[in-house]
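Please treat every number below as a calculation from the coordinates, not as lab data. Owing to the predicted nature of the structure, the values given are computational and were not obtained by experimental measurement. Methodologically, a virtual Cβ is constructed for each residue, glycine included, from the backbone with ideal geometry; neighbour enumeration extends over all protein chains shown.
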Amino acid sequence: MDLSLRDLADRSGVSAPMLSQVERGETSPTLAVAERIAFGLELSLSQLVRLDEGDGVSIVRAYERRRGGGRTHSYEVLTPPLPGLRAEVSLHTLAPGAATAGPDDPPMHEAGSRETAVVERGPVRFVGGGAAHDLEDGDSVTFDADLPHHFENPGDGEARFYAIVAAGLRRS
């Protein structure tokens, strides 16, 4: 998250001068102020003060992956469900002729999210921004994930791609 002091002040309701003093170590915030700062950073209070930090390593075994989808489109979430995690990596599998969503389905990602998809086995067609883009093995696409989009498999065989969704504010 790339926030200026003003941005954080607006998001947290804590004044920019107070945030500056906390940042420079000139003052310690009350718990109430620290909680508002954490909210502005989209963190829990414990994450802000690093109370819930273990060894900093999370492993998701193949058999532990969260799975979803249906018969023609399935996915596996490769990242752990940690609080405050600002990115998610998933592996999608599309049957021939299948799509991740319909052309008029609303986007599933929060405002400001960005997504990068990398084709492992294609072809895969990305439809977004009013255009369709054909992708082959190894190709990637990055786009605003909070806008309508979907992926299709125009091929005869199974298609697979990785999707990395980073939440947060887009730079204008």
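Figures for the structure shown
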read-out: Pairwise label distance in nanometres, Ser4 with Leu85, each label 7 Å out on the Cα-Cβ vector; value: 3.3
read-out: Residue order, fewest to most surrounding Cβ atoms within 10 angstrom, among Ile59, Ile37, Ile164; value: Ile59, Ile164, Ile37
read-out: Within a Gaussian network of the chain (alpha carbon springs, distance under 10 Å), most fluctuating of Ser113, Ser15, Ser44; value: Ser15
read-out: Theoretical FRET efficiency, 1/(1+(r/R0)^6), r = Cβ-Cβ of Arg71 and Ser46, R0 35 Å, to 0.05; value: 0.30
read-out: Candidates Leu45, Leu94, Leu82: whichever shows maximal mean-square fluctuation once the chain is modelled as a Gaussian network with Cα springs under 10 Å; value: Leu82
read-out: Calculated [θ] (222 nm, deg cm²/dmol) that DSSP helices of n ≥ 4 give over the chain, each run adding -39,500 (n - 2.57); value: -4500 deg cm²/dmol
read-out: Where labels lie 7 Å past Cα in the beta-carbon direction, separation of Ser15 and Leu147 in nm; value: 4.0
